[in-house]
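Worksheet: the structure to be examined is printed underneath.
The values are calculated or read from the model by the stated rules, or taken from the named source; none is laboratory data. As the structure is a computational prediction, the values presented were derived from the model and not from experiment. Cβ atoms come from the backbone with ideal geometry, glycine included; neighbour counts cover every protein chain shown.
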Amino acid sequence: MFNLILFGPPGSGKGTQSANIIDTYGFKHLSTGDLLRDEIARATALGLEAKKYMDNGQLVPDEVVIGMIGAKLDETQDAKGFIFDGFPRTTAQAEALDKLLQEKGTKISVLISLEVPEDELKKRLLLRGEASGRSDDNEEVIAKRIVEYRAKTEPVALYYKEQGKLEQIHGVGEISEIFAQIKNKIEKAMAAN
Ligand code: AMP
(Lines give C-alpha, C1' and ligand atoms only; values in the text may rest on other atoms or scores of the structure.)
Protein backbone atom coordinates (compact mmCIF):
# COMPACT_ATOMS: atom_id res chain seq x y z
CA MET A 1 0.00 0.00 0.00
CA PHE A 2 1.13 3.54 -0.72
CA ASN A 3 -0.08 6.21 1.69
CA LEU A 4 0.54 9.84 0.97
CA ILE A 5 -0.09 12.99 2.97
CA LEU A 6 -0.65 16.06 0.82
CA PHE A 7 0.33 18.88 3.13
CA GLY A 8 0.27 22.66 3.07
CA PRO A 9 -1.55 25.73 4.34
CA PRO A 10 -5.13 26.57 3.37
CA GLY A 11 -5.13 27.62 -0.29
CA SER A 12 -1.91 25.81 -1.20
CA GLY A 13 -3.68 23.63 -3.79
CA LYS A 14 -4.15 20.37 -1.86
CA GLY A 15 -7.66 19.76 -3.19
CA THR A 16 -6.72 20.52 -6.80
CA GLN A 17 -3.63 18.35 -6.74
CA SER A 18 -5.41 15.53 -4.87
CA ALA A 19 -7.77 15.25 -7.84
CA ASN A 20 -4.78 14.95 -10.21
CA ILE A 21 -3.13 12.32 -8.01
CA ILE A 22 -6.32 10.26 -7.83
CA ASP A 23 -6.76 10.40 -11.62
CA THR A 24 -3.22 9.13 -12.13
CA TYR A 25 -2.75 6.65 -9.29
CA GLY A 26 -6.26 5.69 -8.18
CA PHE A 27 -5.65 6.20 -4.48
CA LYS A 28 -8.58 6.66 -2.13
CA HIS A 29 -9.04 10.32 -1.17
CA LEU A 30 -9.59 11.14 2.50
CA SER A 31 -10.18 14.85 3.13
CA THR A 32 -11.27 15.73 6.65
CA GLY A 33 -12.51 19.13 5.39
CA ASP A 34 -14.80 17.41 2.85
CA LEU A 35 -15.96 14.88 5.45
CA LEU A 36 -16.77 17.68 7.91
CA ARG A 37 -18.64 19.72 5.26
CA ASP A 38 -20.64 16.59 4.44
CA GLU A 39 -21.56 16.21 8.14
CA ILE A 40 -22.66 19.87 8.17
CA ALA A 41 -24.76 19.42 5.00
CA ARG A 42 -26.50 16.46 6.65
CA ALA A 43 -26.95 18.49 9.85
CA THR A 44 -25.56 15.70 12.04
CA ALA A 45 -24.63 16.38 15.68
CA LEU A 46 -20.95 16.09 14.72
CA GLY A 47 -21.46 18.55 11.86
CA LEU A 48 -23.22 21.11 14.02
CA GLU A 49 -20.47 20.92 16.63
CA ALA A 50 -17.66 21.12 14.03
CA LYS A 51 -19.25 24.11 12.27
CA LYS A 52 -18.67 26.32 15.30
CA TYR A 53 -14.92 25.79 15.01
CA MET A 54 -14.79 25.96 11.21
CA ASP A 55 -16.72 29.23 11.01
CA ASN A 56 -14.25 30.68 13.46
CA GLY A 57 -11.12 29.52 11.60
CA GLN A 58 -10.16 27.09 14.37
CA LEU A 59 -9.26 23.45 14.16
CA VAL A 60 -11.95 20.94 15.10
CA PRO A 61 -10.91 18.92 18.21
CA ASP A 62 -8.46 16.08 17.50
CA GLU A 63 -10.70 13.29 18.81
CA VAL A 64 -13.47 14.25 16.35
CA VAL A 65 -11.31 14.11 13.22
CA ILE A 66 -9.30 11.10 14.38
CA GLY A 67 -12.57 9.23 14.96
CA MET A 68 -13.80 10.16 11.48
CA ILE A 69 -10.58 9.00 9.79
CA GLY A 70 -10.51 5.78 11.84
CA ALA A 71 -14.06 4.96 10.70
CA LYS A 72 -13.20 5.67 7.03
CA LEU A 73 -10.07 3.50 7.17
CA ASP A 74 -12.13 0.68 8.66
CA GLU A 75 -14.86 0.86 6.05
CA THR A 76 -12.43 0.99 3.11
CA GLN A 77 -11.14 -2.42 2.10
CA ASP A 78 -8.69 -3.27 -0.71
CA ALA A 79 -7.55 0.32 -1.42
CA LYS A 80 -4.28 0.63 -3.35
CA GLY A 81 -3.40 3.45 -1.02
CA PHE A 82 -4.75 6.55 0.66
CA ILE A 83 -4.19 10.21 0.04
CA PHE A 84 -4.70 12.22 3.20
CA ASP A 85 -5.70 15.80 2.40
CA GLY A 86 -6.02 18.28 5.27
CA PHE A 87 -5.15 15.55 7.80
CA PRO A 88 -3.16 15.24 10.04
CA ARG A 89 -3.24 18.89 11.15
CA THR A 90 -1.70 18.45 14.61
CA THR A 91 1.11 16.28 15.95
CA ALA A 92 -1.46 14.38 18.04
CA GLN A 93 -3.37 13.58 14.83
CA ALA A 94 -0.13 12.44 13.16
CA GLU A 95 0.65 10.11 16.04
CA ALA A 96 -2.90 8.72 15.97
CA LEU A 97 -2.70 8.21 12.19
CA ASP A 98 0.61 6.36 12.45
CA LYS A 99 -0.96 4.08 15.06
CA LEU A 100 -4.11 3.43 12.99
CA LEU A 101 -2.01 2.57 9.92
CA GLN A 102 0.32 0.38 11.97
CA GLU A 103 -2.69 -1.62 13.17
CA LYS A 104 -3.50 -2.21 9.50
CA GLY A 105 0.06 -3.31 8.77
CA THR A 106 0.87 -0.24 6.73
CA LYS A 107 2.41 3.23 7.16
CA ILE A 108 2.79 6.70 5.66
CA SER A 109 5.04 6.49 2.61
CA VAL A 110 5.67 10.20 2.06
CA LEU A 111 4.45 13.66 3.06
CA ILE A 112 4.47 16.13 0.16
CA SER A 113 4.38 19.73 1.34
CA LEU A 114 3.16 22.48 -0.99
CA GLU A 115 5.02 25.68 -0.10
CA VAL A 116 3.13 28.87 -0.99
CA PRO A 117 3.78 32.44 0.30
CA GLU A 118 1.14 33.97 2.55
CA ASP A 119 0.02 36.83 0.25
CA GLU A 120 -0.61 34.28 -2.53
CA LEU A 121 -2.64 32.07 -0.15
CA LYS A 122 -4.85 34.98 0.86
CA LYS A 123 -5.42 36.00 -2.76
CA ARG A 124 -6.38 32.45 -3.79
CA LEU A 125 -8.71 31.89 -0.84
CA LEU A 126 -10.57 35.16 -1.42
CA LEU A 127 -11.06 34.21 -5.09
CA ARG A 128 -12.25 30.73 -4.08
CA GLY A 129 -14.68 32.26 -1.60
CA GLU A 130 -16.19 34.41 -4.34
CA ALA A 131 -16.52 31.44 -6.68
CA SER A 132 -17.68 28.74 -4.25
CA GLY A 133 -19.38 30.70 -1.52
CA ARG A 134 -17.42 28.73 1.11
CA SER A 135 -18.29 30.60 4.27
CA ASP A 136 -14.81 30.26 5.83
CA ASP A 137 -13.10 31.81 2.77
CA ASN A 138 -13.50 35.40 3.96
CA GLU A 139 -10.74 37.77 5.01
CA GLU A 140 -11.21 37.52 8.78
CA VAL A 141 -11.51 33.73 8.94
CA ILE A 142 -8.68 33.21 6.39
CA ALA A 143 -6.30 35.16 8.66
CA LYS A 144 -7.29 33.01 11.65
CA ARG A 145 -6.87 29.77 9.67
CA ILE A 146 -3.35 30.77 8.66
CA VAL A 147 -2.42 31.59 12.29
CA GLU A 148 -3.84 28.20 13.34
CA TYR A 149 -1.82 26.51 10.58
CA ARG A 150 1.47 28.11 11.64
CA ALA A 151 0.92 27.30 15.33
CA LYS A 152 -0.50 23.77 15.20
CA THR A 153 -0.10 22.27 11.74
CA GLU A 154 3.41 23.23 10.62
CA PRO A 155 4.97 21.01 13.34
CA VAL A 156 3.44 18.00 11.56
CA ALA A 157 5.92 18.49 8.67
CA LEU A 158 8.76 18.33 11.19
CA TYR A 159 7.28 15.18 12.75
CA TYR A 160 7.48 13.39 9.37
CA LYS A 161 10.82 15.02 8.51
CA GLU A 162 12.26 13.21 11.52
CA GLN A 163 11.00 9.98 9.91
CA GLY A 164 12.77 10.97 6.65
CA LYS A 165 9.45 11.33 4.82
CA LEU A 166 9.21 15.07 4.10
CA GLU A 167 9.30 16.24 0.46
CA GLN A 168 8.84 19.96 -0.28
CA ILE A 169 7.54 21.51 -3.48
CA HIS A 170 7.21 25.13 -4.54
CA GLY A 171 3.44 25.38 -4.98
CA VAL A 172 3.23 28.49 -7.18
CA GLY A 173 2.99 28.28 -10.97
CA GLU A 174 1.13 26.19 -13.53
CA ILE A 175 -1.02 23.45 -11.94
CA SER A 176 0.36 20.91 -14.44
CA GLU A 177 3.97 21.82 -13.63
CA ILE A 178 3.36 21.53 -9.91
CA PHE A 179 1.71 18.17 -10.52
CA ALA A 180 4.74 17.00 -12.52
CA GLN A 181 6.91 17.72 -9.47
CA ILE A 182 4.46 15.87 -7.21
CA LYS A 183 4.62 12.86 -9.56
CA ASN A 184 8.42 12.88 -9.32
CA LYS A 185 8.23 12.77 -5.54
CA ILE A 186 5.64 9.98 -5.61
CA GLU A 187 7.69 7.87 -8.03
CA LYS A 188 10.79 8.40 -5.89
CA ALA A 189 8.91 7.33 -2.74
CA MET A 190 7.39 4.34 -4.54
CA ALA A 191 10.83 3.18 -5.65
CA ALA A 192 12.10 3.48 -2.05
CA ASN A 193 9.12 1.66 -0.50
P1 AMP B 1 -10.15 22.35 4.74
O2 AMP B 1 -11.25 22.04 3.80
O3 AMP B 1 -9.13 21.23 4.82
O4 AMP B 1 -9.51 23.68 4.49
O5 AMP B 1 -10.79 22.44 6.21
C6 AMP B 1 -11.75 23.39 6.54
C7 AMP B 1 -11.88 23.49 8.06
O8 AMP B 1 -12.28 22.21 8.58
C9 AMP B 1 -10.61 23.84 8.80
O10 AMP B 1 -10.40 25.24 8.86
C11 AMP B 1 -10.88 23.24 10.16
O12 AMP B 1 -11.76 24.04 10.93
C13 AMP B 1 -11.63 21.97 9.82
N14 AMP B 1 -10.71 20.81 9.63
C15 AMP B 1 -10.47 20.13 8.46
N16 AMP B 1 -9.59 19.14 8.66
C17 AMP B 1 -9.24 19.21 9.98
C18 AMP B 1 -8.34 18.47 10.80
N19 AMP B 1 -7.60 17.46 10.31
N20 AMP B 1 -8.25 18.82 12.10
C21 AMP B 1 -8.98 19.81 12.64
N22 AMP B 1 -9.84 20.56 11.92
C23 AMP B 1 -9.97 20.26 10.59
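Mind telling me which of the residues G67, G13, G47 ends up being on the phi > 0 side of the Ramachandran plot and among the small types (G, A, S)? Steps first, please.
Numbers: G67 fails: on the phi > 0 side of the Ramachandran plot; G47 fails: on the phi > 0 side of the Ramachandran plot.
Just one listed residue meets the conditions, G13.
Can you tell me which condition M68 does not meet? The list is (1) surrounded by fewer than 16 Cβ atoms within 10 Å (Cβ to Cβ); (2) farther than 20 Å from L166 by Cβ; (3) in contact (Cβ under 8 Å) with a residue 24 or more places away in the chain, and all the others hold.
The number of the failed condition is (1).
Would you point out which residue out of L121, L125, L73, L97 is closer than 15 Å to Y160 by Cα and among the hydrophobic types (A, V, I, L, M, F, W, C)? I'd like the intermediate steps shown before the answer.
Details: L121 fails: closer than 15 Å to Y160 by Cα; L125 fails: closer than 15 Å to Y160 by Cα; L73 fails: closer than 15 Å to Y160 by Cα.
Matching residue, one of L121, L125, L73, L97: L97.
Select from segment 128-167 the residues that are assigned to a loop (DSSP other than H, G, I, E, B) and touching a residue at least 24 places away in the same chain (Cβ under 8 Å) and list them in ascending order. First the steps, then the outcome.
Quick first cut of segment 128-167, residues assigned to a loop (DSSP other than H, G, I, E, B) only: 133-138, 162-165.
Hits for segment 128-167 are S135, D136, Q163, K165.
Among the residues of segment 22-31, are any of a type in the set (D, E), more than 12 Å from the ligand (Cβ to nearest atom) and more than 23 Å from E162 (Cα to Cα)?
Initially, segment 22-31 is screened for residues of a type in the set (D, E), giving 23.
Pick out the ones that are also more than 12 Å from the ligand (Cβ to nearest atom) and you get 23.
Cutting the leftovers down to more than 23 Å from E162 (Cα to Cα) gives us 23.
Yes.
Which number in (1) loosely packed, with under 15 Cβ neighbours inside 10 Å; (2) more than 23 Å from Q17 (Cα to Cα) marks the one condition that E115 misses?
Condition (2) is where E115 drops out.
So in segment 105-119, with the set limited to residues that are in contact (Cβ under 8 Å) with a residue 60 or more places away in the chain and more than 16 Å from the ligand (Cβ to nearest atom), which one is farthest from the chain's Cα centre (by Cα)?
T106
Of the numbered conditions (1) farther than 20 Å from A157 by Cβ; (2) surrounded by 15 or more Cβ atoms within 10 Å (Cβ to Cβ); (3) within 14 Å of the ligand (Cβ to nearest atom), N56 fails exactly one; give the number of that condition.
Result: N56 passes all but (2).
Could you check D136 against (1) modelled with pLDDT under 95; (2) among the charged types (D, E, K, R); (3) within 14 Å of the chain's Cα centre (by Cα) and say which number it fails?
So the condition that D136 fails would be (3).
Within segment 65-102, how many residues are hydroxyl-bearing (S, T, Y) and more than 10 Å from the ligand (Cβ to nearest atom)? Lay out the reasoning, then the answer.
Here is the first cut: in segment 65-102, the residues hydroxyl-bearing (S, T, Y) are 76, 90-91.
Add one more test, that the residue is more than 10 Å from the ligand (Cβ to nearest atom), and what stays is 76, 91.
The number of residues fulfilling the criteria is 2.
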